[in-house]
Amino acid sequence: AAKDVARVFEQLGSDAHSMALKRHLPSVLLEHISSMEHAAWDIRTNPTARSVRAALLPGVNALMAACGPREIQQVHALLPGGPLGAPRALFKQLNDDFTRNYKYTGKN
């Protein structure tokens, strides 16, 4: 099921759909981060939850690639503080992983 959701995320982030849906992508990312926050305790202790998160990562990266700086800033601004800033920390981790491992920078 996680791979199916990742495929949907990848389709939403594809060039064919991203321009038409660009203003809605921050909402999809916010929902994903919210679901990650509620399952965060499980991800640390449950190998199945870790594998689900890993399966979703390519789709999340595709969504983030389709977002411009404005949409990324919008996600950051709309994140609730939560206990100990958990949603913001999750988004920062996703954004850092995206920048480090997925985003093309043109550097060797």
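What the table below lists for this structure:
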item: Residues of region 80-94 satisfying the condition of being open to solvent by 70 Å² or more (accessible area, probe 1.4 Å) and either under 19 Å from Leu12 (Cα atoms) or at pLDDT 85 or above (or both); result: Arg88, Lys92, Gln93
item: Segments classed as helices (runs of 4 or more DSSP H), wholly inside region 1-83, with at least 2 members that are under 15 Å from Phe98 (Cα atoms); result: 2-13, 25-38, 47-66, 69-78
item: Yes/no for Ala77 being surrounded by fewer than 12 Cβ atoms within 10 Å (Cβ to Cβ), aliphatic (A, V, I, L, M) and at pLDDT 80 or above; result: yes
item: Total residues in region 50-61, condition over 11 Å from Leu29 (Cα atoms) and at pLDDT 85 or above; result: 5
item: Matching option when the condition is of a type in the set (Val, Ile, Thr) and within 10 Å of the chain's Cα centre (by Cα), among Val8, Val52, Val60; result: Val60
item: Number of the condition not met by Met64 [criteria: (1) hydrophobic (A, V, I, L, M, F, W, C); (2) open to solvent by 80 Å² or more (accessible area, probe 1.4 Å); (3) modelled with pLDDT of 90 or more]; result: (2)
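The values are calculated or read from the model by the stated rules, or taken from the named source; none is laboratory data. Because the structure is a prediction, the values reported are computed rather than measured. Methodologically, a virtual Cβ is constructed for each residue, glycine included, from the backbone with ideal geometry; neighbour enumeration extends over all protein chains shown. Side chains included, ligands, DNA and RNA excluded: accessible areas come from the protein's heavy atoms. Shrake-Rupley method; radii C 1.70, N 1.55, O 1.52, S 1.80 Å.
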